[in-house]
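Reading through the structure tokens given below for one structure.
The values are calculated or read from the model by the stated rules, or taken from the named source; none is laboratory data. Quick caveat, the model's predicted, so the values are computed rather than measured. Don't worry about glycine lacking a Cβ; one is built from the backbone with ideal geometry, like all the others, and counts go over all protein chains shown. To get the accessible areas, we keep the full protein, side chains included, count just its heavy atoms, and leave off ligands, DNA and RNA. Shrake-Rupley method; radii C 1.70, N 1.55, O 1.52, S 1.80 Å.
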Amino acid sequence: MKQLNRIVLVNWYVLGAQEIPIKGNVAIVGPNGSGKSSLLDAMQTILMGGHKRHLSFNASAGEKSERSLRTYCLGFMDDGGKSNSAREDSISYLAMSFFDTETAQESCIGVAISASTASPDEEILGRFILPNFSVSLDDFSRKEGGGRMPRPWNEVRESLL
């Protein structure tokens, strides 16, 4: 059986760079606006390989959601009716690692996405399935100053091969 054991997000909404360990049964709880839907939308994006026709962001908001793959990557926030972007250009990485209880091996699936405020569309840079491979935040970003910056896609792709 495969068990989800880690979610890695870089430049997804306003989350910056996060590595979320998963142990056992998990509940996603918190007040409105705390990022529950954003996390679920990230997981949906990974599982659907970033294919827009299969994505339904912030499904609990019904038809009123204006979230898109591009706005998530750029970190758009609604500020009293005005939309503000946290990033002008973005490389976003989303990955989920699974532990196989029968083989004791870890495998990973994920997607790399590029978006810019200068373009109306995002670009899927790559999708990956990595059997017997364990990923972490360091695979997709590097420490810089007091935070983390995404690594270039060609560098990440080479390191995952």
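A full extension of the chain between ASN32 and GLU123 corresponds to an added length of 29.8 nm, given 0.36 nm per residue minus the alpha carbon distance.
The residue among GLY33, ALA86, TRP12 whose Cα reaches farthest toward the positive pole of the charge dipole of the chain, with charges on the beta-carbon of Lys, Arg, Asp and Glu, is GLY33. Taking amide H as placed 1.01 Å from N in the peptide plane, the amide H of ARG151 sits under 5 Å from that of SER141, ARG142, each at least 5 places away or on another chain. Sorted on the mean count of surrounding Cβ atoms within 10 Å across their residues, most packed first, peptides 7-13, 104-110, 41-47 read 7-13, 41-47, 104-110. Extension gain, ILE20 to GLN105, is 28.7 nm, computed as 0.36 nm per intervening residue step minus the present C-alpha separation. Helix 36-47 and the longest principal axis of the Cα set of the chain meet at an angle near 60°. For the chain, the number of Lys pairs with C-alpha atoms closer than 20 Å, counting only pairs eight or more positions apart or on separate chains, is 5. Full extension of the chain between GLU88 and GLU155 gives 22.0 nm of extra length, using 0.36 nm per residue less the Cα-Cα distance. In a simple Cβ point-charge model (Lys, Arg +1; Asp, Glu -1; nothing else charged), the chain has a dipole of about 220 debye relative to its Cα centre. With all protein chains in place and ligands, DNA and RNA left out, the 1.4 Å accessible area ranks LYS143, LYS52 as LYS143, LYS52, largest first.
Karplus-based coupling profile of the range 127-141, in residue order and whole Hz: 10, 9, 10, 10, x, 6, 9, 10, 9, 9, 4, 5, 5, 10, 8, with θ = phi - 60° in 6.51 cos²θ - 1.76 cosθ + 1.60 and x standing for Gly or Pro.
By a 1.4 Å probe calculation restricted to protein chains, THR103 has an accessible surface near 80 Å², given to the nearest 10.
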